[in-house]
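The values are calculated or read from the model by the stated rules, or taken from the named source; none is laboratory data. Remember, it's a predicted structure, so these values are computed and weren't measured experimentally. For neighbour counting, all protein chains shown are included, and Cβ atoms are generated from backbone atoms with ideal geometry for every residue, glycine included. Surface accessibility is based on the protein's heavy atoms, side chains included, excluding ligands, DNA and RNA. Shrake-Rupley method; radii C 1.70, N 1.55, O 1.52, S 1.80 Å.
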Amino acid sequence: MEINQHPFSLWCSWNAFRGTNSTFLTEAEVPVPDLTGKWVIITGANNGIGFEAAKSFAEAGANLVLGCREPPAWELHPAAAVEKCTELAQAAGHESTIEWWEVNMADLSSVEEFAEKWMATGRAVDILCNNAGMSPTASKKPILTRDRLEILHQVNFVSHVLLTLRLLDSLAKSAEPRVVCTTSCFHFLGRFDLEHFNGKDGMAGDPYGNNKLYFQTWLSELQRRVHSNDKYKHITINGINPGYVNTGIWNNPRPDVRESWLDLGMKFLKPLAALFAITPQQGSRAIVYAATSQEFGPNPDIQGVGLLGGKGGGHYINRIWEAEAMPYCTNDAARLAVWERVGEDLDLEKRGLSNVI
């Protein structure tokens, strides 16, 4: 397809709807291997699917760094999340290191500080879960961060790009490193609109969906690039859709949401979520499966590591099942355009990251 040609709308809507699959997943379907000695970084780990995934990793013996901001009053504090994860690890007989490191994805300097702190440890990161995110805003004008980026665009996508690129050398130290990005079935509702990449004025489609589309497209290009680099080719990157999850997103008291059309929509969707959505624990299994399963592990024929049957990266995983992503993700021109555009937002040349991969 051409880069400016949008897929058939009915096809997009159907694939977005498929992402609401509420099939119950058992522990037998998503077994978690022993992760003793492994280091896991997961952003947005004090709430929702991130917290539930962190608990699963803790029970499996992983060392954890929960990357979270200082939260608003309505969210679980990361210190409490650490306490719960530590309890689970100890109950399972593990002596894991579990810590909360502050990172605000709406502030690129905070992301840089987090990455610098990690790199200073000299450790390998075995699993990086780019999970932090926020729901759509209701502001009629773009809400800009101190970095002059639209806040949804930065929190859900751009900051995770920066974090991943900063940690590539640490990932490379691991034998079989994985990066899991929480994209979404909403990426099928996005529009490829690079002229309005950062901001909402005049933007076609849904800003949240656009964001997720760019993220899934970007990670596909990152996987292509690591495959062609001997230092990084053993890294596996995948995007996941956790499903239709009943989380606090449906009861969000942010000032820009209250008394708005979006608040009315959330009040309508909240009881539907209670009836039809899956639990955060069920949604978290998408993260855990992509991070630990043999199926989405490295492909030994391409990456030189891993077990036979591993599909490697660059995929869109609908809960635990491989699914077709938007065609932009397999379009060389589209992937390159997103890669270059987010590089401009981050000023990668100034950060010394323009030639990192």
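Surface analysis of the chain yields an accessible area of 43 Å² per residue, using protein heavy atoms and a 1.4 Å probe. Only one of (1) 25.2, 79; (2) 18.9, 55; (3) 22.0, 75 was calculated from the structure for Rg and Dmax of the Cα atoms in Å, and its label is (2). All other residues whose Cβ lies under 13 angstrom from that of residue 84 are scored, Lys and Arg at +1 and Asp and Glu at -1, for a net of -3. The listed peptides 36-42, 61-67, 192-198, 99-105, ordered by packing as a protection proxy, come out as 61-67, 36-42, 99-105, 192-198 (highest mean of other Cβ atoms within 10 Å first).
Cross-link check: pairs 173/350; 55/350; 55/212; 38/84; 84/173; 55/173 evaluated at a Cα-Cα cut-off of 27 Å; pairs beyond the cut-off: 55/350; 84/173.
When you count the other C-beta atoms within 10 angstrom of each residue and take the mean per peptide, 298-307, 147-156 line up highest first as 147-156, 298-307. Residue separation of residue 355 and residue 11 scaled by 0.36 nm, minus their Cα-Cα distance, works out to 120.2 nm of gained length.
Peptides 322-330, 212-220 ordered by packing proxy, namely the average of other Cβ atoms within 10 Å per residue, highest first: 212-220, 322-330.
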